[in-house]
Amino acid sequence: LILKNTINMTGHVHGVDINTNVDVPLRKWIQDEAKQASLHQQKKDSDQTIHAKKQALLRKTTVAYGIVELLRHCRIQSTCHRLSTASICLDNECNVDNFVVHIFNQNETLGSAEQTQWNNVRGVSTISPALSAQIAEPVFLSTINDDHMEMGTYLEVHITPPLPNENNTRSRDIAQTSNSTDCHLFGVLLYELCSGFCPFLAESVENNNMQGSSSQIELIKKKATVRYDKKKGKSYSTLQTKPYTPLQELGFPSSISFLVQNLIDGHAAYSSLDPVSSDIHLLNNDPGCFLFDIEHSVVSAQGSSMQLRIKKDKLYGREKQVSLITDAFCRVSSGKSEAFFIGGYSGSGKTMLVQSLTARVDASGGYVLTQKADQMSKERPLLDVLSAFNDLCLLIRGQSSPRELEKVKKNIMHDFESDFSVLSRLLPNIGVLFPQLHTKTTKDKSIERVMNWQNVCHTLQRFMRIVSSRQTPVMLFLDDLQWAGSTSLELIQALLSDTRGSSCFFFVGSYRDNEVHDGHPIFDLMSSLDSCGVIATKEHLGGLNRNDVNMMVSDSMCIFPRLCKPLSDIIFDKTKGSPYFALEFLRSLTDSRLLKYSLRERRWIWDEDEIRSKNITDNVLYLLSAKMSSLPENTRLALKLVSCFGIKADENIVGYLSSISQYSDLQDWLDQAINEGYIQKHENKYKFIHDKVREAAYNLIDDSDKSQFHYDLGLLLYSTSKGQDLEDAFFQVVDQVNHGIPSLVKPKMQIDIAELNLNAGIKAVDLSDFDTAYSYLNYVLPLLPKNHWDSHYDFSLRVFLLRAKTTYSCGNIEEAYDLLKEIIENGRCIEDTLDAYYLRVTILFACEEREEAYIICREVLSQLKERIPDSLG
């Protein structure tokens, strides 16, 4: 939870009078914090003690951020007032007794264990010069739950009066002169803020009247002496190095300990207070990542095998694209339809960019449909898109209020009336809105209507006019458009360019622009939308820049960006900024122990020279394949099996395979693949976490063996699931078998496999997906014997009639005529050819060739001994 707090130099904060605050000298505030910590230490509840310790850390980093911002302000202010004085030092300003903390005036004492608002810091002031940084009250959660959300404070600074002209070069140059000394002084102050005593113990005892342990009294810190070089005309500092106790040894997190250590020791870690401010800002903004150490229980469990804390849902370096896609959706919400195309290579973050918008769509009352074109489902070009709109029926049922639902149902019935059976055939899930009516229409199949492509488009257009509006916009995200068929994209074009409706339809399509050629249907869709006046935004995602990769590595390792920049620069150079590739390379470094977690230092350490010399291709598949090769054989087999079905495999498929003796432990093998991070279980699907993971798994099968592997897998599933209802998974089984057509199919299996494809075609027609049906029926004809009209007469009638229907529905009329002609020529009686004649007449009427249609009807009726007039007269 990121909350914005405002630091300003005025007497009011968002309308709140600062007089409601209590001013406490910083020294006393530190002592009070120590007393409060002592009270919590006495409690037996370890969870509550850890909880209080985290709260205290955040209070201290809040004060620290206020102090560093005041010091930065003091330096520039001092520089501008004393341009003639070259030696400027914040020795007086950077003193614990020069600061006052403003705390919220509560009815309870600061040290109360039952404090109602644990972070009551409202600001920090300096006595000399007189400046006050007021901090708006952060609305923190009252409890810390790291498993569900992080406590974070985004500190936003507004300083008034404004700083002098920042273009004053001389002022800036002098401001940088003593900044190494400033950092050292601030480090000493921050050490005392955290620990309660100065690391330079002699000064601490004298000034603070504090008593340390015998071991603490023996410790002495570095002390800075500022000198002035007359020849160079600038000041510099000399540091006397003496040992002091690092904060980490006093129980503080490694991040704050290293920060303070770098400030005190120098070593060019910080050149000014600006990067110090940025690091402290990170401590407050994301304490779960940068401030709090990993819990001891996690360290004990994982030890040196500590896992990187990769933020899978965080999008890096795509602020411009997020703004563009959000603006596009806002236009759609105002009553327009738009398209947004995202190109980029695999792993560039296309899907994550779209996911950044889905929460906004949900919040606006809209519906989000997501579907992925699959390389392994090219035989089903339209089925996946229709499935997405079918899911829309379930979303309408689940997200609508009773009143809204009644309105939608009323409008659907009013618009479709007698055509409701057509809609129900196209979108079977419409039955969840009209269960009784849907049951009636599914039972009544006495009249079978031949649908064509225009029927499908028109039906979906009418449906979208009803369900999409300004209040309920519909967003369809179709991933991997490079594998989508032209039919699917033509349907999208028809919905976007519907001029008769007021649909608020937002189509988002992503594709690998390095895998599409100039003639790909994607570009035809873009061109068609432009000609129709539909706004189509095109955006390309390239690699991240160095800073974005640096932030991604920093988040994953939970260390400041400046500390891991040498490592992130190497990763950037080797991966060219590809987000997915960069993370996989980072993981590979942990696998090879070139990047490892130090239990002693409680942070990640690495060998830059070894990593820089590590040979790596420019392909992430190299890393994934190398990692998979070390998996147990059964786990690799499970990955091979699932990869044959594309990006995901149905749970039913896995269940049927598990019933076969050789794969009886398949679910255990898949669990291992899940634990390794290659697959995730989502609802009733086993899904690869990324396209490249699936591709690497599929490459575990030799190219020469792939067709046989698919075919054998398909036959196993066919024999095991025969007679069972596999629902949509049925198509996946047929697809596996079809990899063996025709070379691997034995003669005795030809008719069985032909019938399998015929059933797939029938199922696709029932779903109004004629392109898919046509594809499956194409596999049937090569499997039929030459004398099939004699040896398999009834089967041939069914195949040719269904193929003629699907061919006509796909718009190929001449081929449909040829198929119908073959049925009529080979039919054994007039009754067997009636369906073929009827379809031919239907096509002729649709083409407005009524004279020829009439002649055919008269001839057929004549054969049936019926008399009709010789002309239309």
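Can you compute the modelled spin-label distance between Leu324 and Asp415, with each label point 7 Å from Cα toward Cβ, in nm?
3.2
Scattering from the C-alpha atoms of region 638-749 alone, worked out with Debye: what is log10 I(q)/I(0) at q = 0.10, 0.19 1/Å?
Results for region 638-749 at q = 0.10, 0.19 Å⁻¹ read -0.28, -1.01.
Just to check I understand the Karplus step: with θ = phi - 60° and J = 6.51 cos²θ - 1.76 cosθ + 1.60, what whole-Hz values come out for region 745-751, glycine and proline as x?
Computed from phi, the couplings for region 745-751 are 7, 6, x, 5, 9, 4, 5 Hz.
Assuming R0 = 35 Å, what is the FRET efficiency of Asn634 and Arg612, from their Cβ-Cβ distance, to the nearest 0.05?
0.45
At 7 Å along the Cα-to-beta-carbon direction for both Ala388 and Cys829, put a label point, then send me their distance in nm to one decimal.
4.9
To the nearest 0.05, how large is the calculated FRET efficiency for Lys865 and Arg500 if R₀ is 45 Å and r is the Cβ-Cβ distance?
Efficiency, from the Cβ-Cβ distance: 0.40.
Could you list the residues of region 250-267 with an amide nitrogen less than 15 Å from a label point located 7 Å from the Cα of Ile50 in the Cα-to-C-beta direction?
253
From the cross-link list Lys648/Lys692; Lys538/Lys565; Lys706/Lys746, which pairs have alpha carbons spaced over 24 Å apart?
Details: Lys648/Lys692 13 Å; Lys538/Lys565 33 Å; Lys706/Lys746 18 Å.
Table pairs above 24 Å Cα-Cα are Lys538/Lys565.
Residues of region 625-649 with amide nitrogen under 13 Å from the 7 Å Cα-to-Cβ point of Glu676?
Answer for this model: 625-643.
With θ set to phi - 60° and the Karplus curve 6.51 cos²θ - 1.76 cosθ + 1.60, what are the ³J(HN,Hα) couplings of region 544-560 in order, to the nearest whole Hz, using x for Gly and Pro?
Computed from phi, the couplings for region 544-560 are 6, 7, 4, 5, 5, 5, 4, 5, 5, 5, 4, 4, 5, 9, 6, 10, 4 Hz.
Give me the dipole magnitude in Debye, nearest 20, for region 622-770 about the Cα centre, with unit charges on the beta carbon: positive for Lys and Arg, negative for Asp and Glu. Can you show the working numbers first?
Numbers: 14 positive and 22 negative charges, 56 e Å.
In debye, rounded to 20, region 622-770 gives about 260.
Read phi for every residue in region 671-688 and hand back ³J(HN,Hα) as whole Hz from Karplus 6.51 cos²θ - 1.76 cosθ + 1.60, θ = phi - 60°, with x for Gly and Pro.
4, 5, 5, 5, 4, 7, x, 8, 10, 10, 9, 10, 6, 10, 10, 9, 10, 5
Would you mind checking which residues have amide H under 5 Å from Leu369's amide H? H placed 1.01 Å from N; only 5 or more apart, or other chain.
Residues meeting the criterion, in which the H sits 1.01 Å from N, are Met475, Leu476, Phe477.
Run the accessible area of region 570-721 with a 1.4 Å probe and give the carbon-and-sulfur part as a rounded percent.
Carbon-and-sulfur percentage of accessible area, whole number: 42.
The values are calculated or read from the model by the stated rules, or taken from the named source; none is laboratory data. A quick note: this is a predicted structure, and the numbers were derived from the prediction, not measured. In this analysis, Cβ positions are derived from the backbone assuming ideal geometry, glycine residues included, and neighbour counts consider all displayed protein chains. When the accessible area is computed, the model is the full protein with side chains, heavy atoms only, and any ligands, DNA or RNA have been set aside. Shrake-Rupley method; radii C 1.70, N 1.55, O 1.52, S 1.80 Å.
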